[in-house]
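I have placed the structure first, in the form of structure tokens, so that the comments after it can refer back to it.
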Amino acid sequence: MVLTPAGRTLLEYAERLLALAEEAENALHSDKPTGVLRIGSMESTAAVRLPGPLALFSERFPSVILEMQTGNPVLLLDALRQGEIDAAFVAEPVPEKRFDQMTAFTETPVLVTSDKHAPIGGKNGCPRTVLVFEHGCPHRKLLEQWFAQQKDVPERTIQMGSYHAMLGCVLAGMGAALVPHSVIDTFPPAQRLQVTHLPEGSNTLRTVLAWPKGKLSPNVAALRAVVEDHYDQA
């Protein structure tokens, strides 16, 4: 029995398909990181906190392809729930019934204005214009809570899309913003900013790494270990 030319072509495809099926089976049952790791992150976290850990991750696990999606915690947790991403760096609180989590790091949010702005507090009161992210941003929520504690509201709220754009507008005297202190350190003209610290109890914001409840994949376990190692050494 001799294969025809068409039969030999079909056999080659069949052998490749069987090899691919075996590779997929091994990947599904492997306890080693492999394939694609889809990460969600807040914008400030992606820009300031993650370059170091992700570089270390790529060095340790070169076979894993990293993908990144940014957004506010509400959108990221919804994407995590829908299976669109594998893990997310988000500000607390995170629903414990739906997600497992670990503390990645703690941010110190501060109010920033230009150095020509009157000091905040006392007889000067609160800033009249604030620069914020979209609803769902934890720093916007914290700023709104701070205004409520002062029994005041800003006259104008300007919504923006990135922290560096926000800091540039602050520098130009457009208003005040609440940002993680770690972001200021990456802004070249930071010395021209005036920083006001929030009162005790409102001056920290914990960022966690979250993943679906009871579903710690090898890729996410590897990411968790890298984050722990990176910040233990920092």
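Just to confirm the number: angle between the C-alpha axis of helix 51-60 and the first principal axis of the chain, 0 to 90 degrees, nearest 10?
That works out to roughly 20 degrees.
In whole Hz, what ³J(HN,Hα) sequence does the range 42-48 give by Karplus (6.51, -1.76, 1.60; θ = phi - 60°), x for Gly and Pro?
Per-residue couplings from phi come out as 5, 4, 5, 5, 4, 6, 10 Hz.
Would you list, by chain and number, the lysines whose Cα falls below 22 Å from the Cα of K215, excluding same-chain residues fewer than 8 positions away?
Within the straight-line limit of under 22 Å, K215 reaches these lysines: K32, K97.
Convex hull volume of the Cα atoms in the range 155-234, per residue, in Å³?
Given the Cα convex hull of the range 155-234, per-residue volume reads 183 Å³.
K151: which lysines have alpha carbons under 28 Å from its alpha carbon, excluding same-chain residues fewer than 8 sequence positions away?
Counting by Cα, and skipping residues close in sequence, K151 has these lysines nearby: K116, K123, K141.
Express the C-alpha Rg of the chain as a ratio against the empirical globular expectation 2.2 N^0.38 Å, rounded to two decimals.
Here the Cα radius of gyration is 1.35 times the empirical estimate.
Among Q194, A221, H181, pick out the residue whose Cα is farthest towards the positive end of the charge dipole of the range 158-229, where Lys and Arg carry +1 and Asp and Glu carry -1 on C-beta, about the Cα centre.
The one lying farthest along the dipole's positive direction is A221.
Given H placed on each backbone N at 1.01 Å, which residues far from F133 in sequence or on other chains put an amide H within less than 5 Å of it?
Those lying under 5 Å, H to H, from F133 are R140, M160.
If you take the square roots of the eigenvalues of the alpha-carbon gyration tensor of the range 53-161 and sort them as a ≥ b ≥ c, do you get rounded (a/c under 1.5), prolate (a/b over b/c) or oblate?
Here the range 53-161 falls in the prolate category.
Would you tally the net charge around I85, using a Cβ to Cβ cut-off of less than 11 Å, leaving I85 out, and scoring K and R as +1, D and E as -1?
Around I85, the charge tally is -2.
Residues with beta-carbon under 12 Å from that of V195, excluding V195: net charge, scoring Lys, Arg +1 and Asp, Glu -1?
Residues close to V195 contribute a combined charge of -1.
Charges only on Cβ, +1 for Lys and Arg, -1 for Asp and Glu: so what's the dipole of the chain about the Cα centre, in debye to the nearest 20?
Computed about the Cα centre, the dipole is about 760 debye.
Provide, as a two-decimal number, the C-alpha radius of gyration of the range 109-203 over 2.2 N^0.38 Å, N being how many residues it has.
Scaled against compact globular proteins, the figure is 0.97.
Could you list T4, T108 in order of exposure, starting from the residue whose Cβ has the fewest other Cβ atoms within 10 Å?
T4, T108
FYI, it's all coordinate maths here, none of it is from the lab. Everything numeric in this text was worked out from a predicted model, so none of it was measured. Every residue, glycine among them, receives a Cβ derived from its backbone with ideal geometry; neighbour counts consider all protein chains shown.
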